[in-house]
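The values are calculated or read from the model by the stated rules, or taken from the named source; none is laboratory data. Computed from a predicted structure; not experimentally measured. Reconstructed Cβ throughout: ideal geometry from the backbone, glycine too, with neighbour counts over all protein chains shown. The protein model used for the area step is the full one, side chains on, heavy atoms only, and it has no ligands, DNA or RNA in it. Shrake-Rupley method; radii C 1.70, N 1.55, O 1.52, S 1.80 Å.
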Amino acid sequence: MVLTISPSTLVFVLALITTVAWARPGSEDIDERDTAHQVHRTRRSRGIKDFNPEDDSEFWINGAQNLLSTKLGRKPITGQAKNVIMFLGDGFSIPTLAAARVYLGQSLGATGEETVLSFEEFPNTGLSKTYCVDSQVADSSCSATAYLGGVKGNIGTAGVTGRVKVDDCAAMRNVSNQVPSILKWSQDAGKSTGVVTTTRITHASPSGTYAYIANRDWENDAEIKNSGQDPDICDDIAEQLVNKLPGKNINVILGGGRKEFRPRDFTDEDGTPGSRTDDVDLIEVWKADKVGRNASFRYLWNRDQIMSVDPTDSDYVLGLFNRDHLEYHLLANRRKEPTLEEMTTFAVQALKKNPNGFFLFVEGGRIDMGLHDNKAHLALDEAVEFANAVQAAVDLTDEEDTLIVVTADHAHTLSISGYPVRGNNIFGISGTSSVDNLPYATLSFANGPGYKQPEEDGTRYDISRDNTMDANYEFPATSPLYSETHGGDDVAVFARGPWSHLYAGAFEQNFIPHVMAYASCVGNGRTSCNDNRK
Ligand SMILES: *[C@@H]1O[C@H](CO)[C@@H](O)[C@H](O)[C@H]1NC(C)=O
Ligand SMILES: *[C@@H]1O[C@H](CO)[C@@H](O)[C@H](O)[C@H]1NC(C)=O
Ligand SMILES: [Zn+2]
């Protein structure tokens with residue numbers, strides 16, 4: 001019998017099969033057992049009784065041949081990048097990416113492993129080496145100096161060279177130790193600029209676009225005093241954003257962190273006090289600066305406002321939607337705070353009106369925080385939101401004139417382990433240990449608060465008594481730490497648009513902005529505009 005089947009029917013059948021497989025996660029039917037690898041796989045355990053296109057060569061050959069044709073039909077884009085959008089998934093390690101893909105697919109009723117996140121369709125990828133000058137494993141501040149300024153620095157510092165040690169205020173104020181970012185280079189070239197994040201806007205990653213700081217914790221003046229430094233000499237991060245260049249010239253600033261801008265005795269929009277001890281309300285200072293420059297501006301603090309105003313009607317927009325970080329997307333009151341996707345859409349629309357183009361930095365900042373808490377569910381959901389924000393930018397821009405770069409600052413210690421059957425719930429049990437006969441989870445961490453104390457008799461904690469599907473579940477960790485750590489592995493770079501093919505191979509993280517600058521013809525290095533003129 002010859003079975004002919006149209007591509008759309010195939011997709012439907014596949015969806016049906018994967019849905020069935022997903023509906024039966026962790027099924028225990030075992031026909032074959034490869035004891036060396038403890039691989040447990042059967043047709044029945046996948047819920048596939050009759051026809052699974054993946055069983056036939058055609059399925060895989062057709063997919064590969066189609067991709068081959070797509071790639072052969074593509075030519076590198078070598079015009080000037082009018083616009084550059086950099087997406088930074090904080091702590092978005094490669095295992096986190098793979099798990100997020102499965103999570104997304106499973107939430108749509110598929111097995112998940114085959115799901116493609118928006119930016120995985122970008123034509124070019126590379127690997128970025130994330131260590132810092134004095135640290136094998138990066139934090140978000142020294143890595144920000146690398147991927148935004150093109151120079152590596154010391155852990156705990158942002159926007160300054162390796163000559164600046166943590167807390168060294170004098171060295172930080174020395175201009176020759178400061179590392180301007182691609183956001184500054186873009187402003188100098190007449191482009192509009194924007195910064196969007198789900199964290200406090202003064203947090204490590206976004207601070208790398210506008211601050212020169214010897215301690216990432218110096219988000220307000222009180223923190224500088226806590227380090228035994230003088231806030232009259234040493235400007236905190238919020239102050240640098242509002243009063244200094246390039247911060248005061250940033251057209252669109254969207255994120256959280258109102259408390260870093262407001263005095264302690266000030267009750268803000270949500271009825272909570274600020275953190276500053278200098279009696280300065282930096283939000284009012286920001287507004288006064290725009291008035292003084294006769295520029296149109298808006299200050300926004302809730303979702304209704306950002307969803308109802310015209311993004312193109314102001315020269316400057318400051319949106320601070322939480323006194324602290326924005327809420328995790330999965331736990332947020334959706335009416336109060338915009339999503340990363342909504343903020344990205346607003347920013348691109350606002351910045352597009354400059355005929356010289358723009359540079360926009362967008363951070364999915366809470367992937368990292370979910371991982372620090374071993375709360376894989378929250379982290380993967382943030383990762384999916386991040387992918388949605390990338391898609392929004394893709395939809396609003398043209399590949400011919402806009403370079404989009406998606407990467408992470410550093411890895412984490414999440415691993416995807418064991419040999420769970422295809423479609424097994426990503427938050428589920430992977431298998432049973434042949435040493436102690438107890439189950440282990442697919443997702444686990446090298447360290448963190450999810451560490452489980454052994455039983456009194458010394459046996460390993462039995463995770464089958466836990467509800468691992470709970471959004472706040474702390475996945476198991478090998479070493480107990482209050483906060484899980486970053487990882488030292490390389491992170492991925494995905495890129496589309498002009499000169500994105502230069503992100504091939506493995507390279508130092510500080511290479512990243514050099515390519516963005518080359519493509520968009522900003523900064524002091526080699527540019528595509530100069531090369532094309534020769
Ligand atoms: C500033 O930094 C440069 C380079 O690190 C150094 O040569 C110079 O002496 C410093 N200036 C002061 C005033 O410390
Ligand atoms: C301020 O801007 C408005 C509108 O752009 C313009 O009409 C006005 O002349 C400006 N005033 C000054 C003092 O530049
Ligand atoms: Zn972190």
Test: residue in region 450-460 that is touching a strand residue (DSSP E or B) at 6+ places or on another chain (Cβ under 6 Å), more than 25 Å from residue 424 (Cα to Cα) and of a type in the set (D, E, K, R): no
Hey, residue 474 in the same structural domain as residue 144 (by TED's automatic domain parsing), at pLDDT 95 or above, touching a Pro at 6+ places or on another chain (Cβ under 9 Å) and open to solvent by 50 Å² or more (accessible area, probe 1.4 Å) or not: no
Residue match in region 386-402 (condition: part of a strand (DSSP E or B), more than 20 Å from the chain's Cα centre (by Cα) and either under 17 Å from residue 469 (Cβ atoms) or acidic (Asp, Glu) (or both)): no
Long-range neighbours under 8 Å by Cβ, at least six apart or interchain, first residue free of Cβ contacts under 8 Å to residues at least 60 places away in the same chain and closer than 13 Å to residue 235 by Cα within region 168-179, second in a loop (DSSP other than H, G, I, E, B) and within 16 Å of ligand 3 (Cβ to nearest atom): none
Subset of region 163-195 [open to solvent by 20 Å² or more (accessible area, probe 1.4 Å) and part of a helix (DSSP H, G or I)]: 170, 173, 175, 176, 184, 185, 187, 188
Residue 324 of a type in the set (Asp, Glu), open to solvent by less than 70 Å² (accessible area, probe 1.4 Å) and outside any helix (DSSP H, G or I): yes
For residue 134: the one exception among (1) under 29 Å from residue 321 (Cβ atoms); (2) free of Cβ contacts under 8 Å to residues at least 60 places away in the same chain; (3) not hydrophobic (A, V, I, L, M, F, W, C): (1)
Tally, over region 466-491, of residues that are assigned to a loop (DSSP other than H, G, I, E, B) and hydrophobic (A, V, I, L, M, F, W, C): 4
Residue 402, sole failed condition from (1) more than 16 Å from ligand 3 (Cβ to nearest atom); (2) farther than 21 Å from residue 104 by Cβ; (3) open to solvent by 10 Å² or more (accessible area, probe 1.4 Å): (3)
Among the residues listed as 424, 447, 467, 388, the single one being open to solvent by 60 Å² or more (accessible area, probe 1.4 Å) and modelled with pLDDT of 95 or more: 467
Qualifying residue in region 409-417 (condition: open to solvent by 40 Å² or more (accessible area, probe 1.4 Å), of a type in the set (A, V, I, L, M, F, W, C) and within 16 Å of residue 100 (Cβ to Cβ)): yes
Pairs with Cβ under 9 Å, 6+ apart, first in region 512-534 and in contact (Cβ under 8 Å) with a residue 60 or more places away in the chain, second acidic (Asp, Glu) and part of a helix (DSSP H, G or I): 522/188; 523/188
Condition check for residue 204: of a type in the set (Gly, Ala, Ser), over 21 Å from residue 362 (Cβ atoms) and crowded, with 24+ Cβ neighbours inside 10 Å: no
Selection within region 144-153 - open to solvent by less than 10 Å² (accessible area, probe 1.4 Å) and either within 16 Å of ligand 3 (Cβ to nearest atom) or basic (Lys, Arg) (or both): 144, 145, 146, 147
Some residue of region 101-108 being at positive phi and either of a type in the set (Gly, Ala, Ser) or outside the structural domain of residue 193 (by TED's automatic domain parsing) (or both): no
Test for residue 279: is it in contact (Cβ under 8 Å) with a residue 60 or more places away in the chain, touching a strand residue (DSSP E or B) at 6+ places or on another chain (Cβ under 9 Å) and open to solvent by 30 Å² or more (accessible area, probe 1.4 Å): no
Hits in region 427-438 - residues which are of a type in the set (Ser, Thr, Tyr) and open to solvent by less than 50 Å² (accessible area, probe 1.4 Å): 430, 433
Any hit, region 126-143, residues being surrounded by 20 or more Cβ atoms within 10 Å (Cβ to Cβ), within 16 Å of ligand 3 (Cβ to nearest atom) and closer than 25 Å to residue 232 by Cα: yes
Condition check for residue 459: modelled with pLDDT of 95 or more and either open to solvent by less than 20 Å² (accessible area, probe 1.4 Å) or within 16 Å of ligand 3 (Cβ to nearest atom) (or both): no
Residue within region 85-95 that is more than 30 Å from residue 161 (Cβ to Cβ) and either assigned to a helix (DSSP H, G or I) or open to solvent by 70 Å² or more (accessible area, probe 1.4 Å) (or both) present: yes
Lone qualifier among 370, 365 - being farther than 17 Å from residue 317 by Cα, touching a Ser or Thr at 6+ places or on another chain (Cβ under 7 Å) and open to solvent by less than 10 Å² (accessible area, probe 1.4 Å): 365
Qualifying residues in region 49-84 (those that are among the acidic types (Asp, Glu) and not in a helix (DSSP H, G or I)) - the one nearest to residue 371 (Cα to Cα): 56
Residue match in region 504-512 (condition: assigned to a loop (DSSP other than H, G, I, E, B), open to solvent by less than 60 Å² (accessible area, probe 1.4 Å) and under 30 Å from residue 153 (Cα atoms)): no
